[in-house]
Amino acid sequence: MADAPVTLSEHVVSQQALLPTEHARGVAAVVGRIGRVAAVIAQELAHAALRDRLGYAGGTNVSGDEVKKLDVWGHETMLAGLRASGGVAAFISEESKDPIEIHEAGGARGLVVCCDPVDGSSNLDVNSPVGTIFSVRPSRGRIPAGPAALGPGTEQIAAGYVMYGPATVLVYTVGQGTHGFSLDPETGEFLLTLPDIRIPRRGTVYGINEGNFYSWHPGQRAFVEYLRTPDKADGRPYSLRYSGAMVADVHRTLLHGGLFMYPADFSDPAKPKPKLRLLYEVAPMGFVVEQAGGRASTGTGRVLELKAEEYHQRAAVILGSPDDVEMAEQFYRRGT
Ligand code: FBP
């Protein structure tokens, strides 16, 4: 008789032995809770048009993005879930200017969760994939706990994402490989379907918003020209795939290889302007991809070594298959 599929909660518990003792139970509670909140978000997304939940809430968030109704609802639902987990000392969200301190869970074991509750929200009204991205860091007993998140990505002890697509999948790491689960809509359980994901060394697809081509670093432009240039023997040209939601583009890249890139706007080389946020988009995805054997770069350095100075700091990112990212870095070094 086939073994019963492993649930997310069972898998997180099995990973506990691999975590620093003082955080093992907290991380298990938090990841398990994020799975339960994600099942609720998946339900809500499926009914959003029927419940008048699409469209704008009015106002903008700290990043200047117009806020969708589901951005606000997703933020509040995630916050309520993390409060109930009992292990979170502070919550840093795309939808909140400052960290939300959760005093009842302070102390040395408290965790700080950084989160993009609804990633790719520009896709919501056109029924295209969206996601949730999360990162977990130790608070080290700091009070307030929020500032404990302002460190390099190497300080993350867990990270992952949920993709709400034809099926809902959750992918996470605690630093021992990257594992994927599919939501069983009947039971609301996430079941292990992608154990120990290994990204191919090289791919055939790249994802980037080519509309920004003329604002890129010259090395970035030259690299995309190289990917587009036919060379049968070298497996080029690569195909372009871009969903408008980082989660969907990273998930494809993790499974099939290749690249997802969101470089900085280099119109003023003295002041490069990245778009994606370091703490709750770039660093967690960097951890997930590295743990699957991939690479996550800024173009000139390892994303996980970037130290956050602000909660909504932005960072450039080129991630995916190690040989492809290495090639991109070579073009940045050459500058052409
Ligand atoms: P939010 O929707 O959470 O603000 O995320 C940013 C994002 O939508 C990413 O998911 C995506 O990769 C990128 O911005 C798309 O940006 P653009 O429309 O400039 O290509």
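Observations on the structure shown:
- Residue 162 meets all of the listed conditions (1) within 16 Å of the ligand (Cβ to nearest atom); (2) part of a loop (DSSP other than H, G, I, E, B); (3) among the β-branched types (Val, Ile, Thr) but one, namely (2).
Let's see how each residue does on (1) within 19 Å of residue 224 (Cα to Cα); (2) part of a loop (DSSP other than H, G, I, E, B):
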position: 260; (1), (2): yes, no
position: 280; (1), (2): no, no
position: 285; (1), (2): no, no
position: 288; (1), (2): no, no
position: 300; (1), (2): yes, yes
position: 304; (1), (2): no, no
position: 309; (1), (2): no, yes
position: 324; (1), (2): yes, no
position: 328; (1), (2): yes, no
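Yes/no matrix, rows are residues, columns are (1) out of contact with any Leu (no Cβ under 6 Å at 6 or more places or on another chain); (2) modelled with pLDDT of 95 or more; (3) more than 22 Å from residue 286 (Cβ to Cβ); (4) of a type in the set (A, V, I, L, M, F, W, C):
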{"residue": "231", "(1), (2), (3), (4)": "yes, yes, yes, no"}
{"residue": "235", "(1), (2), (3), (4)": "yes, yes, yes, no"}
{"residue": "244", "(1), (2), (3), (4)": "yes, yes, no, no"}
{"residue": "258", "(1), (2), (3), (4)": "yes, yes, no, no"}
{"residue": "261", "(1), (2), (3), (4)": "yes, yes, no, yes"}
{"residue": "272", "(1), (2), (3), (4)": "yes, yes, no, no"}
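- Residue match in segment 146-154 (condition: in contact with a strand residue (DSSP E or B) (Cβ under 6 Å, 6 or more places away or on another chain), farther than 18 Å from residue 77 by Cα and buried (at least 24 other Cβ atoms within 10 Å of the Cβ)): yes
- Residue within segment 80-87 that is open to solvent by less than 30 Å² (accessible area, probe 1.4 Å) and within 27 Å of residue 250 (Cα to Cα) present: yes
- Among the residues making up segment 244-279, a single one is within 15 Å of the ligand (Cβ to nearest atom), open to solvent by 40 Å² or more (accessible area, probe 1.4 Å) and more than 28 Å from residue 307 (Cβ to Cβ): 252.
- Where residue 232 falls short, out of the listed (1) within 16 Å of the ligand (Cβ to nearest atom); (2) over 25 Å from the mean Cα position of the chain (by Cα); (3) among the charged types (D, E, K, R): (1)
- In summary, strands (runs of 3 or more DSSP E) completely within segment 28-129 and bearing 3 or more residues that are at pLDDT 95 or above and within 13 Å of the ligand (Cβ to nearest atom) occur at 111-119.
- Among (1) more than 16 Å from the ligand (Cβ to nearest atom); (2) farther than 16 Å from residue 14 by Cα, the one test that residue 208 misses: (1)
- Evaluation of residue 176 against the conditions (1) out of contact with any Pro (no Cβ under 7 Å at 6 or more places or on another chain); (2) polar (S, T, N, Q); (3) part of a strand (DSSP E or B) shows that the sole unmet condition is (3).
- Meets criteria (over 26 Å from residue 132 (Cβ atoms), more than 16 Å from the ligand (Cβ to nearest atom), in contact (Cβ under 8 Å) with a residue 40 or more places away in the chain and open to solvent by less than 20 Å² (accessible area, probe 1.4 Å)) for residue 223: yes
- Residue within segment 301-315 that is touching a His at 6+ places or on another chain (Cβ under 9 Å), open to solvent by 10 Å² or more (accessible area, probe 1.4 Å) and in contact (Cβ under 8 Å) with a residue 12 or more places away in the chain present: no
- Within segment 130-145, being assigned to a loop (DSSP other than H, G, I, E, B) and surrounded by 24 or more Cβ atoms within 10 Å (Cβ to Cβ) holds for 139, 145.
- Any pair with Cβ under 8 angstrom, 6 or more apart, that starts in segment 263-281 at a residue that is at negative phi and touching a residue at least 60 places away in the same chain (Cβ under 8 Å) and ends at one that is within 11 Å of the ligand (Cβ to nearest atom) and in a loop (DSSP other than H, G, I, E, B): 277/63; 277/94; 277/312; 279/312; 280/94
- Odd one out for residue 217, checked against (1) away from the ligand (no atom under 14 Å from the Cβ); (2) without any contact (Cβ under 8 Å) to a residue 24 or more places away in the chain; (3) not aromatic (Phe, Trp, Tyr): (2)
- Residue in segment 244-284 that is farthest from residue 200 (Cα to Cα), counting only those that are in contact with an Asp or Glu (Cβ under 7 Å, 6 or more places away or on another chain) and among the small types (Gly, Ala, Ser): 245
- First in segment 234-246 and assigned to a strand (DSSP E or B), second anywhere and within 12 Å of the ligand (Cβ to nearest atom) and β-branched (Val, Ile, Thr), Cβ under 9 Å, 6 or more apart: 240/208
The values are calculated or read from the model by the stated rules, or taken from the named source; none is laboratory data. What you are looking at is a predicted structure, and each value in this text was computed from that prediction instead of being measured. We place every Cβ from the backbone using ideal geometry, glycine too, and count neighbours over all the protein chains shown. Heads up: the accessible areas ignore ligands, DNA and RNA and are worked out on the full protein's heavy atoms, side chains in. Shrake-Rupley method; radii C 1.70, N 1.55, O 1.52, S 1.80 Å.
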